[in-house]
Each structure stands twice: as structure tokens, then as C-alpha cells.
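Here the structure is laid out as C-alpha cells; the discussion comes afterwards.
The values are calculated or read from the model by the stated rules, or taken from the named source; none is laboratory data. Worth saying up front: this structure is predicted, and the values here are computed from it rather than measured. Note that we place each Cβ from the backbone using ideal geometry, even for glycine, and neighbour counts take in every protein chain shown. Just so you know, the surface numbers come from the protein's heavy atoms only, side chains and all, with ligands and any DNA or RNA stripped out. Shrake-Rupley method; radii C 1.70, N 1.55, O 1.52, S 1.80 Å.
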Amino acid sequence: NKVRTELHVDTDSIIDFTHLIRRFIDLQAVVIPVLWGSKQRHENATHIFLPESQTTWVYLNLDVNIHDFKFWMAHELGHCLSPSLHGEEAEDFADAFAGALLFPPSQAKRAYSQIACLGNQKSKLNCVMRIATEYVISPYTVYYQTNKFAEHNGMPPINLEPALHGWVTNFNKGHPNLSEIILGDLDLLGAKNYINKAEEAFNTPFFEILRKYLTEAKKGAGIVQSILDIPLLDAQSIHKELT
């Protein structure tokens, strides 16, 4: 609720990418958009806090379905807001924070009333997918947040598993990865376009910071490869563009 208030977004409105990006900027966290291909869960996003400079750096993998990407952005924002937490406690909090921010109790209450009254599992699954589409969030977020609402209020949970997993897989297939939306055809993507489009989409100073560092420290492509965790050939292209 506090974060939504700070973003001037009420509890019935949809949180979009610009809201999340704005909050990262407010926190002076530097977003690093990367192309890491298909990864499992926590490999899609990570944050690094550097005590000496008191700076936070957030890696976000663009090769993720648009709905999942929004969850990982919110997840990393949760980490930025809870620097004292570590390990599983930190991950559990960030997951809970992301779900509550993207689909708060008021929306989960409405979803529960819409889903629970339906007579069969297929109708309920269709309803979950429709709500996920409307709010541009993962069906998993709709499902888990709705059941958290039910549990908190002593109401019977909605059980859509294991069928839910197959439905979510098909749901994701019908939507592009964020990398395609922001960067276009990745087979034709050059370093210049990657840098320019990533800077524009995320309003990130990362590449300008990297450009300055490479010039002043006279570092080669190896450091780019290390920082971005990408193939050397890609690192060489980015290094050339930045220097």
C-alpha cells in the first residue's frame, strides 16, 4: 500500500512497467537489462548491493515472458526495500511483496468471488487467464494471491492444480518475451540498438557508467563479458560501441 501510494496508484489500478522503473530510479538503483536466454526462476533477476559505494545494481533478464518479467521486477524491488533481509527469508519476502504489489487483497477478493462461483475447473481456469490478461500479470500471481486472500479470511481455497501448470504454459506461449517487444528481431539486433533501446526503455544510466569506466580504466572486452555475463563475441561488440 505504501509503495502504491508513493507511485500515485490506487489499489484497484494496474501496476505497469513505468511505475516499477520509476520506483527503481527513486531508490537510485541501477537497472542492468541483459539477454540471458531462458532461465529458471531466480536466475531471471538478481540484485547486488555494494556497501562501499552504497549503490544497488539490479540485473533483469529480458528473455522472459512479459507477465513473468513484471513479477521479477517487483520481486527485485522488494529486495531493494528490504536490505536487512538475507537468504530464504529475503526471497520469501520479495515473492510475497511482488504478489501483494501486483495483485493486492482488494483485487484478489474480487477475483475469488468471480472464480469460486464457477461450476467446473475449465471455467475457473479460463477466468484466471482472463484476469491475468486484464492485469498483465502471470496467472500464477492471480491464483496464489487469490488463495492467500481465501486463507487469510478462512475461506475454502480454489484448487486448480495440476491442470493450472499446463494452462499457464500455453498462456505464456501466446505472449512474446519482453526482449522481442523492446528490442525487436533479436537475430538482427546490433550492439548500438541494444544499448539505445535498453537505455530508453528502462531509463538506466548503466551503459553510460560502463562507457565512462571503460574509457578511464582502459579496460577491454573481457570486463564487459564478466559484468554482463555474456559471450565474448557479444561483449566485443558492446565494448566497441561504447568506446
**Message:** Taking the conditions exactly as written (modelled with pLDDT of 90 or more, of a type in the set (Asp, Glu) and surrounded by 13 or more Cβ atoms within 10 Å (Cβ to Cβ)), does Asp10 satisfy them or not?
**Reply:** no
**Asked** Can you find a residue in the stretch 27-42 that is under 12 Å from the mean Cα position of the chain (by Cα) and under 19 Å from Ser84 (Cβ atoms)?
**Response** no
**Request:** For the stretch 231-240, indicate whether the set of residues that are out of contact with any Cys (no Cβ under 9 Å at 6 or more places or on another chain), of a type outside the set (S, T, N, Q) and under 30 Å from Asp26 (Cβ atoms) is non-empty.
**Result:** yes
**Message:** Where the second residue is open to solvent by 50 Å² or more (accessible area, probe 1.4 Å) and in a helix (DSSP H, G or I) and the first is under 23 Å from Val142 (Cα atoms) and lies in the stretch 11-28, which pairs have Cβ atoms under 9 Å and are six or more apart or on separate chains?
**Reply:** Thr11/Pro105; Asp12/Arg110; Ile14/Glu134; Arg23/Glu6
**Asked** Looking at Lys212, Lys192, which is the one that is in a helix (DSSP H, G or I), of a type in the set (Lys, Arg), open to solvent by 90 Å² or more (accessible area, probe 1.4 Å) and touching a residue at least 12 places away in the same chain (Cβ under 8 Å)?
**Response** Lys192
**Request:** Return the residue satisfying two criteria in turn: it lies in the stretch 176-189 and is of a type in the set (D, E, K, R) and part of a helix (DSSP H, G or I), and of such residues it is surrounded by the fewest Cβ atoms within 10 Å (Cβ to Cβ).
**Result:** Asp187
**Asked** What is the residue count in the stretch 153-171 for residues that are assigned to a helix (DSSP H, G or I) and free of Cβ contacts under 8 Å to residues at least 12 places away in the same chain?
**Response** 4
**Prompt:** Among Pro51, Pro83, which is open to solvent by 70 Å² or more (accessible area, probe 1.4 Å) and under 20 Å from the mean Cα position of the chain (by Cα)?
**Reply:** Pro83
**Complete:** Across the stretch 29-47, the tally of residues that are modelled with pLDDT under 90 and not hydroxyl-bearing (Ser, Thr, Tyr) stands at 9
**Message:** Among (1) surrounded by 14 or more Cβ atoms within 10 Å (Cβ to Cβ); (2) at pLDDT below 95; (3) over 29 Å from His47 (Cβ atoms), there is one condition Met129 misses while meeting the rest; what is its number?
**Reply:** (2)
**Asked** Tell me, which residue of the stretch 48-87 that is closer than 21 Å to Ile15 by Cα and β-branched (Val, Ile, Thr) is modelled with the highest pLDDT?
**Response** Val58
**Complete:** When every residue in the stretch 110-152 that is of a type in the set (Val, Ile, Thr) and assigned to a helix (DSSP H, G or I) is compared, the one farthest from Phe69 (Cα to Cα) is Ile115
